[in-house]
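Structure first, commentary second.
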Amino acid sequence: MSDLLRNIIANNRAGAAVAVPSVCSAHPDVLMASLLLAEELDRPVVIEATSNQVNQFGGYTGMTPAEFAAFVWRLADTAGVDRGRIVLGGDHLGPQVWRKGPAATAMSNAATLVADYVRAGFTKIHLDCSEGCAGEAAQVDDKTAAQRSALLARACQDAAPDPAALSLVIGTEVPPPGGARETEGGTIAPTSPAAASATLAAHQHAFAQAGLSDLWHQVCGLVVQPGVEFSPDTVFHLPPCDGHDLRAVLADWPGLCFEAHSTDYQHPDAYPRLAAMGFALQKVGPALTFAWRQAVYGLDMIAQVIGLGLEPLPEVMERAMLARPGYWQGHYHGTDSHHLRLLRHFSYADRIRYYWPEAEAQAAVRQLFAALRGQTLPAAALAQCFAPEVVERAHSLTRHFAGDQAQALVAAQVQTALLPYFFAPHHAG
């Protein structure tokens, strides 16, 4: 297991409210800002790719696992960030991408997927076999998920240059992409201690049945639901409870912590509270690309007022999203065209993030930055779009961007969204 993760988990299990942020994004500006912040604060960070972003067929980014790893290392080297503080992770690695087909085909592809990730140097591997394939229930039972996870764990072990370096994460209560599972009361039901215990027992048994008892010690995390989520237009905040009942589940499982997904947009005090509940691994993604989009839209508004002759960026993105609606259409519902347009641009689910890699969007963003380069943006204009703490942070970042104020503002907006995850560790008491 990665020494970085091992130490964080050990400290958390010893009673310290400590956690590591897991940045799940393939956006180069988001990753650059995240790496710079980790270096500034002298803290570790996990950088994760998901199976739909990055896989053996390229994913929606067009990158294989080896290409994504090289991409992260280039960013780190360019920014002067110590590689030793970075853990590469694979998120939702399993049959999901191919779940519309037969389970056997999906699992064969998933085995190749995890092996490619491990060979590329990813050491934190989330084995997610929670979703059903063709002819199966949407969510499979613990036993099926555990058996499939064990099969993928073996593929990881066989491909790993150093199997002892693997940090495996398991769990069946994984938030679905693009939406929350709401109870009738409009809240998110936390995982029960009994369900968490059953999931752990099922996976340990499956590993043993597969002859992987030795590899079981590399399982460092269990994904459970603490009661946090976000839907397209609502954030479900961490309930006001101490989570001790759930944390008690970990007592019989040394070396293991909880992993929280969909922690985006929470109040800052939620992150140390989650750490005190045993969530030493805290995942964030859409909130960071949301912050990036917020910044570039703000800069675009300033450019429109100045009169730089650019097509408004929201119009470019609206055209792209309407032309290829597959990334948002199944996630935003209703018949109100105005509401749907708002969601396409401003939803917490941030499905617009799938469109930024497209050629038209890339060209529009390049043109925006090029038009603003060399412009002096007055404080009064910045105040319309950026909080004072973002503007202040941007001043300190301009040296990383050759004095480019616009690029620094975007990085500062992303860092401001990520900063609460780097809370000061303290004893949970």
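Filter the range 406-429 down to the residues that are more than 21 Å from the chain's Cα centre (by Cα) and crowded, with 20+ Cβ neighbours inside 10 Å and list them by number. Scanning the range 406-429 gives Ala406, Gln407, Ala408, Leu409. Taking first residues from the range 1-20 that are part of a loop (DSSP other than H, G, I, E, B) and open to solvent by less than 30 Å² (accessible area, probe 1.4 Å) and partners that are modelled with pLDDT under 95 and aliphatic (A, V, I, L, M), the Cβ contacts under 6 Å between residues at least 6 apart in sequence or on separate chains come to Gly15/Ala428. The set of residues in the range 72-84 that are surrounded by fewer than 18 Cβ atoms within 10 Å (Cβ to Cβ) and closer than 30 Å to Trp98 by Cβ comprises Trp73, Arg74. The number of residues in the range 159-185 that are of a type in the set (Ser, Thr, Tyr) and modelled with pLDDT of 95 or more comes to 1.
From the list Ala110, Ala19, pick out the single residue that is among the hydrophobic types (A, V, I, L, M, F, W, C) and under 24 Å from Gln413 (Cα atoms). Only one candidate passes the filter, namely Ala19. Looking across the range 94-114, the residues that are over 18 Å from Val169 (Cβ atoms) and of a type in the set (S, T, N, Q) come down to Thr105, Ser108, Asn109, Thr112.
Table: residues versus (1) in contact with a strand residue (DSSP E or B) (Cβ under 8 Å, 6 or more places away or on another chain); (2) open to solvent by less than 20 Å² (accessible area, probe 1.4 Å).
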position	(1), (2)
Pro254	no, no
Glu259	yes, yes
Thr263	yes, yes
Gln266	yes, yes
Asp269	no, no
Pro272	yes, no
Phe279	yes, yes
Leu288	yes, yes
Ala291	no, yes
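Scanning the range 267-319 for residues that are out of contact with any helix residue (DSSP H, G or I) (no Cβ under 8 Å at 6 or more places or on another chain) and of a type in the set (S, T, N, Q) turns up just one, Gln304. On inspection, Arg319 qualifies as more than 22 Å from Val30 (Cβ to Cβ) and among the basic types (Lys, Arg). Which ones in the range 110-136 are in a strand (DSSP E or B) and crowded, with 24+ Cβ neighbours inside 10 Å? Selection gives Lys124, Ile125, His126, Leu127.
Just one of the numbered conditions (1) closer than 20 Å to His426 by Cα; (2) among the polar types (S, T, N, Q); (3) more than 20 Å from the chain's Cα centre (by Cα) is not true of Ser22: (3).
Restricted to the range 313-358, and to residues there that are more than 24 Å from Asn52 (Cα to Cα) and among the charged types (D, E, K, R), the residue that is surrounded by the fewest Cβ atoms within 10 Å (Cβ to Cβ) is Asp336.
Among residues of the range 85-114 that are free of Cβ contacts under 8 Å to residues at least 40 places away in the same chain and of a type in the set (Ser, Thr, Tyr), those with a beta-carbon under 7 Å from a residue that is open to solvent by 10 Å² or more (accessible area, probe 1.4 Å) and not in a loop (DSSP other than H, G, I, E, B) at least six positions away or on a different chain give the pairs Thr105/Trp98. For the range 305-350, a residue qualifies if it is closer than 15 Å to Ala361 by Cα and of a type in the set (Gly, Ala, Ser), and the qualifying residues are Ala320, Ala323.
Checked against (1) hydroxyl-bearing (Ser, Thr, Tyr); (2) in a helix (DSSP H, G or I); (3) open to solvent by 20 Å² or more (accessible area, probe 1.4 Å), Tyr60 passes all but a single condition, namely (2). Among the residues of the range 110-149, those that are farther than 24 Å from Ala66 by Cα and among the polar types (S, T, N, Q) comprise Ser130, Gln139, Thr144, Gln147. Residue-level check: of (1) under 15 Å from the mean Cα position of the chain (by Cα); (2) surrounded by 24 or more Cβ atoms within 10 Å (Cβ to Cβ), Leu37 misses just (1). For the range 95-113, a residue qualifies if it is among the hydrophobic types (A, V, I, L, M, F, W, C) and touching a Pro at 6+ places or on another chain (Cβ under 9 Å), and the qualifying residues are Ala103, Ala106, Met107, Ala110, Leu113. Among the residues here, Gly135 does not qualify as in contact with a strand residue (DSSP E or B) (Cβ under 7 Å, 6 or more places away or on another chain) and modelled with pLDDT of 95 or more.
Matching residues to (1) assigned to a loop (DSSP other than H, G, I, E, B); (2) among the hydrophobic types (A, V, I, L, M, F, W, C); (3) open to solvent by less than 40 Å² (accessible area, probe 1.4 Å):
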position	(1), (2), (3)
Glu360	no, no, no
Ala370	no, yes, no
Thr376	yes, no, no
Glu392	no, no, no
Gly403	yes, no, no
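The values are calculated or read from the model by the stated rules, or taken from the named source; none is laboratory data. Bear in mind that the values here come from a model prediction, so they are computed numbers and not experimental data. All Cβ positions, glycine included, derive from the backbone under ideal geometry; neighbour counts span all protein chains shown. To get the accessible areas, we keep the full protein, side chains included, count just its heavy atoms, and leave off ligands, DNA and RNA. Shrake-Rupley method; radii C 1.70, N 1.55, O 1.52, S 1.80 Å.
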